[in-house]
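FYI, it's all coordinate maths here, none of it is from the lab. Note that this is a predicted model, so its numbers are computed, not measured. Using ideal geometry, Cβ is built from the backbone for each residue, glycine included, and neighbour counts are taken over all protein chains shown.
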Amino acid sequence: MKSEIEGCLLSALCWCPVSLDISLPSKCEEINTGPEMKKARQPIVFAVTFVRHGETQANKEHRIQGHLDIPLSPHGESQALQAGVRMKDTAFSRAYSSDLSRAYTTCQIILGENCCQPPSIVVDEILRERNFGSVEGVHIDEFRSQAEAEGKSWTDFNPPGSESLGDLQARMVKFFKEMCQSVYDKNKDSARDDVIEQDKMVEAEKNGVEDLQTMDLSDAVEHLLVVGHGAALKQLYIHLHSTLGCPLPPQHTHPQPLTVISPNSGISQYLVRYMPKKYNLLCLKLHDGDHLQHCPQQES
């Protein structure tokens, strides 16, 4: 009997249960059985209004100005005034201007008509007109003749000492990017963090412009005023529409609006949906000069 009991005990000690490899999630692991999720910072929407300076005597005489600091003519002051009257109820949160007097004075006059506690003006040399080098002060016809002598169109001609169109666009784009980031940094706390499905995020980015089309200026967290120059603003508009894909406004009348320069005191206005390195834009106005019909007729 003793030997039977010892045999049973020995068998029990030698028996090993089958090992089951069951992996359980640790407390630090998340179980995600649904679509891929991603935490995303929501974009902000702001408005920006670009204005070309009012007319100068050099504009009237069709002379190249570039970096020459030429003041507004009385007619240019009237143009700026009418632009200001048109936008008098716009609550601008920031105002930027080129340091050249024709742009700065235009900005002053516009804000002087504003009824919404206008901001102070931030002066930035980066908004200057193109440096036209050796042809500054000469008549546009002479500029064209020099270009033809070099076998080029005047729009592609780089006079001695001038700034290339590529360099001009690069500095205007730099200003635009820094402006967007500055507005975002100030207002990002109002753009709440969200956890959304990855496929819905992609769809939201695709529909950025469509989302903007349902908005108006009242949806903007800020409205910025930027006063600059014809050739410089033209290069920025080319970037916004050709590179960033902003659609042209349906009411534009020129067959090729990106090939022309805004009239003096002409207004271009955009809604910008921005988060770092992601842009959606909607153009509300481009080269708009409707207010100019209220200016007194210029003396010939």
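Numerical summary
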{"quantity": "Members of 60/88; 60/234; 88/277 lying beyond 22 Å, as alpha-carbon distances in this model show", "calculated": "60/88; 88/277"}
{"quantity": "Relative contact order %, the stretch 71-167, counting alpha carbon pairs below 8 Å whose residues are six or more apart", "calculated": "25 percent"}
{"quantity": "Computed lengthening from residue 141 to residue 216, 0.36 nm per intervening residue step minus Cα-Cα distance", "calculated": "22.7 nm"}
{"quantity": "Net length gained if the chain between residue 125 and residue 155 were fully extended (0.36 nm per residue, minus Cα distance)", "calculated": "8.5 nm"}
{"quantity": "Ratio of the Cα radius of gyration of the stretch 223-300 to 2.2 N^0.38 Å, where N counts its residues", "calculated": "1.20"}
{"quantity": "Residue 293 versus residue 278: modelled label distance in nm, points set 7 Å from Cα along the beta carbon direction", "calculated": "4.2 nm"}
{"quantity": "Per-residue ³J(HN,Hα) for the stretch 108-122, Karplus 6.51 cos²θ - 1.76 cosθ + 1.60, θ = phi - 60°, Hz, x for Gly and Pro", "calculated": "4, 5, 4, 5, x, 8, 7, 9, 10, 6, x, x, 6, 8, 8"}
{"quantity": "Ratio Rg/Rh [Cα only; Rh per Kirkwood] for the stretch 117-156", "calculated": "1.27"}
{"quantity": "Point-to-point label distance, residue 41-residue 164, nm (Cα→Cβ direction, 7 Å offset)", "calculated": "3.3 nm"}
{"quantity": "Percent of Cα pairs exceeding the 22 Å cut-off, where the set is the stretch 49-139", "calculated": "27 percent"}
{"quantity": "Inter-site label distance for residue 60 and residue 260 at 7 Å from Cα along Cβ, in nm", "calculated": "2.3 nm"}
{"quantity": "For the stretch 119-175 and the stretch 51-95, distance of Cα centres in Å", "calculated": "19 Å"}
{"quantity": "Residues with amide H under 5 Å from that of residue 138, placed H, sequence gap 5 or more", "calculated": "64"}
